[in-house]
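One structure is given below, encoded as structure tokens.
The values are calculated or read from the model by the stated rules, or taken from the named source; none is laboratory data. Since this is a predicted model, take the numbers as computed values, not measurements. All Cβ positions, glycine included, derive from the backbone under ideal geometry; neighbour counts span all protein chains shown. Side chains are part of the model used for accessible areas, which takes the heavy atoms of the whole protein and leaves out ligands, DNA and RNA. Shrake-Rupley method; radii C 1.70, N 1.55, O 1.52, S 1.80 Å.
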Amino acid sequence: MKKTIKPLTQLPAWKALAANHRQMEKRPLRKLFTDDPKRGERLTVEAVGLYLDYSKNRITDKTLQLLVQLARESNLGGRIDAMFHGDKINLTENRAALHVALRAPKSDMFIVDGENVVPRVHAVLEKMTTFSNEVRSGKWKGYTGKRITSVINIGIGGSDLGPVMAYEALKHYSDRGITFLFVSNVDGTDFAEATHDLDPAETLFIVSSKTFTTLETMTNAESARDWLVNGLGGDRKAVARHFVAVSTNETRVSAFGIDPTNMFGFWDWVGGRYSMDSAIGLSTMLAIGPEHFHEMLKGFREMDEHFRNAPFEVNMPILMGLLSVWNNDFLGAQTVAVLPYEQYLKRFPAYLQQLTMESNGKHVTFDGREVDYQTGPVYWGEPGTNGQHSFYQLIHQGTRLIPCDFIAFAHSLTPMGRHHDILLANVFAQAEALAFGKTPAEVKAEGTPTALVPHKVFEGNRPSNVIMADRLTPKVLGSLVALYEHSVFTQGVIWNIDSFDQWGVELGKVLAQKIVPELEASTTPTLAHDSSTNALIRRYRNGNKAHAARHPPTKRRQG
Ligand code: G6Q
């Protein structure tokens, strides 16, 4: 039953939070920590192998209590139940958002439109397992009888960012006898560079596309098919041994020439950016093996259960989501920096950019009213310590407030001398420096010349979370991703927006489809865009014609 909720800014908890924020101005982090020596142990939560220290946020116990009240007044509990019950919570697309079913054990039930989808999920997992074992063991042979030594995932957005991130994150566990590559950009350079040194006879393509209509993916898949067939003597039968598909669209997969027996399915209730643990993770399973993949699913599942069952006050994704709302809407922070102190997580910020910004970059509520508060912040980041020698300056001493999520592990997967102690010393030091800074008195006491004092002062009072785990395992990665998925959901519920649609990507796609024929036309097209777009199109066409005149096709082929 839909519960009627007042507009967000009319909720009692929202108003109380605004008042609480005014009081907080007088209570910087230095004072909060001095007043409460146990704060750094108290404002923490531990669940499913992850430890979150959120004590360095600009909050008091009262703030926390009000944030939890805000979650209750926003019916977060009801919305969580609706998600897990397979309700069509993606209202604008009239779909369920049931990614939690992707990691359900066989014994669980998740119902969509009256059907338990768990058996279907496990049937696909079993098919992925058989295929992965065959490729990894060398049983699966290419068209000329050679084993597969290179796998290229062709996909974009949700059909790329998760697979790339997971491959990089779990490389330590991967089969080093196979090279994994990811082609997403329609810029031909992406494909050309990926295939540069590869032998088609040993290459397998996974065409990953939920719809199997995405322009970039289909353009790359067609180029891949040409490259493969030409490289193997022109026989199109070779496609069957070198192409598999991950999709929901069997008709289009067949039309492309991929045997549907080599298609791995998923469903419309899996959003692209929530799909890395579906068949979209086929490249991940090929890389790390089915057992590790199942461990990753277990990590997701444990976080799902925690999210569904833990009281709001000790619920890690809910706390992270609420703190993000606080920083964004009350402290006015416009971005969040994600800073993993783990080289294997180098693609994690890019992955989170889609998860967070495509989900919560919305300006109207479910019922189409324009919001009068900020929604999703900009996510960005780089692995530490590299960022320290570049953009951290602005975080420490710039004029903007940038909350940081630091992610660190107690153990390195590649222990080497003192490296890990130095790495971890840095992450702890950064969170400490951001929170407590350095006062003018402290700077003066170091004998700093008076004129330099203002330059060396660190205001501090900059909020951060520190997320720690024992080591980066497949299971921990699953829990970490689910932590952010549910934190994003929590924020979307508070803001009363649809976190599962993405209409904002449509307009550019439609306009590009209109411009392609204008660029390719053999005669000068009539252009009806604005003067800027018209001029750019003309400039491109003129440049191309001049280039073509200088390099006629025959000459280019010889070159
Ligand atoms: C993700 C979005 C989007 C999508 C890509 C690829 O949530 O829907 O990033 O994943 O546009 O779509 P296809 O998988 O259909 O090619």
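For segment 434-465, give me the residue count where each residue is open to solvent by less than 40 Å² (accessible area, probe 1.4 Å), under 15 Å from SER55 (Cβ atoms) and of a type outside the set (Lys, Arg).
Of all residues in segment 434-465, those open to solvent by less than 40 Å² (accessible area, probe 1.4 Å) come to 434-435, 437, 443, 448, 453, 457, 460-465.
Remaining after also requiring under 15 Å from SER55 (Cβ atoms): 434-435, 460-465.
With of a type outside the set (Lys, Arg) added as a condition, the list becomes 434-435, 460-461, 463-465.
So the count comes out to 7.
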Review point. Looking only at segment 329-375, which residues are under 14 Å from the mean Cα position of the chain (by Cα), within 16 Å of the ligand (Cβ to nearest atom) and of a type in the set (D, E, K, R)?
Key: ARG347, GLU358
Exercise for review: Quick one: in segment 258-279, of everything that is open to solvent by 20 Å² or more (accessible area, probe 1.4 Å) and in a helix (DSSP H, G or I), which residue is nearest to the ligand (Cβ to nearest atom)?
Suggested key: GLY272
Review point. Can you name the residue in segment 222-257 that is open to solvent by less than 10 Å² (accessible area, probe 1.4 Å) and of a type in the set (Val, Ile, Thr) and is also farthest from the ligand (Cβ to nearest atom) among such residues?
Key: VAL239
Practice item. Being polar (S, T, N, Q) and more than 26 Å from GLU342 (Cα to Cα) is the filter; apply it to segment 469-513 and report the residue that is most open to solvent (accessible area, probe 1.4 Å). Key: GLN513
Check your understanding: If you take just the helices (runs of 4 or more DSSP H) that sit entirely in segment 405-523, which of them hold at least 2 residues that are in contact with a Lys or Arg (Cβ under 6 Å, 6 or more places away or on another chain)?
Key -> 419-436, 474-495
Check your understanding: Which residues, counting only those in segment 201-218, are under 30 Å from GLY177 (Cα atoms) and polar (S, T, N, Q)?
Key -> THR203, SER208, SER209, THR217
**Study point:** Residues (within 16 Å of the ligand (Cβ to nearest atom) and either more than 26 Å from TRP267 (Cβ to Cβ) or assigned to a helix (DSSP H, G or I) (or both)) located in segment 195-205
**Key:** none
Check your understanding: Given the residues ASP160, ASP108, which is the only one that is touching a strand residue (DSSP E or B) at 6+ places or on another chain (Cβ under 7 Å), acidic (Asp, Glu) and surrounded by 13 or more Cβ atoms within 10 Å (Cβ to Cβ)?
Key -> ASP160
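Let's see how each residue does on (1) buried (at least 18 other Cβ atoms within 10 Å of the Cβ); (2) within 16 Å of the ligand (Cβ to nearest atom); (3) of a type in the set (Phe, Trp, Tyr); (4) assigned to a loop (DSSP other than H, G, I, E, B):
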site: PHE182; (1), (2), (3), (4): yes, yes, yes, no
site: GLU193; (1), (2), (3), (4): no, no, no, no
site: VAL207; (1), (2), (3), (4): yes, yes, no, no
site: THR213; (1), (2), (3), (4): no, yes, no, yes
site: GLU216; (1), (2), (3), (4): yes, yes, no, no
site: ASN220; (1), (2), (3), (4): yes, yes, no, no
Check your understanding: When LEU339 is evaluated against the numbered criteria (1) open to solvent by 10 Å² or more (accessible area, probe 1.4 Å); (2) touching a Cys at 6+ places or on another chain (Cβ under 9 Å); (3) among the aliphatic types (A, V, I, L, M), which criterion, by number, is the only one it fails?
Key -> (1)
Practice item. For segment 55-104, enumerate the residues that are within 24 Å of the chain's Cα centre (by Cα) and charged (D, E, K, R). Key: ARG79, ASP81, ASP87, LYS88, GLU93, ARG95, ARG103
Study note, to complete from the structure: Considering residues that are touching a residue at least 60 places away in the same chain (Cβ under 8 Å) and within 16 Å of SER208 (Cα to Cα), the number found within segment 221-239 is 2
**Study point:** Wholly within segment 1-86, helices (runs of 4 or more DSSP H) carrying at least 2 residues that are open to solvent by less than 90 Å² (accessible area, probe 1.4 Å), closer than 30 Å to HIS411 by Cα and basic (Lys, Arg)
**Key:** none
Exercise for review: Please go through segment 163-180 and pick out each residue that is open to solvent by 40 Å² or more (accessible area, probe 1.4 Å) and within 16 Å of the ligand (Cβ to nearest atom).
Suggested key: none
Check your understanding: If only one of MET285, MET303, MET296 is closer than 27 Å to ASN386 by Cβ, part of a helix (DSSP H, G or I) and open to solvent by less than 10 Å² (accessible area, probe 1.4 Å), which one is it?
Key -> MET296
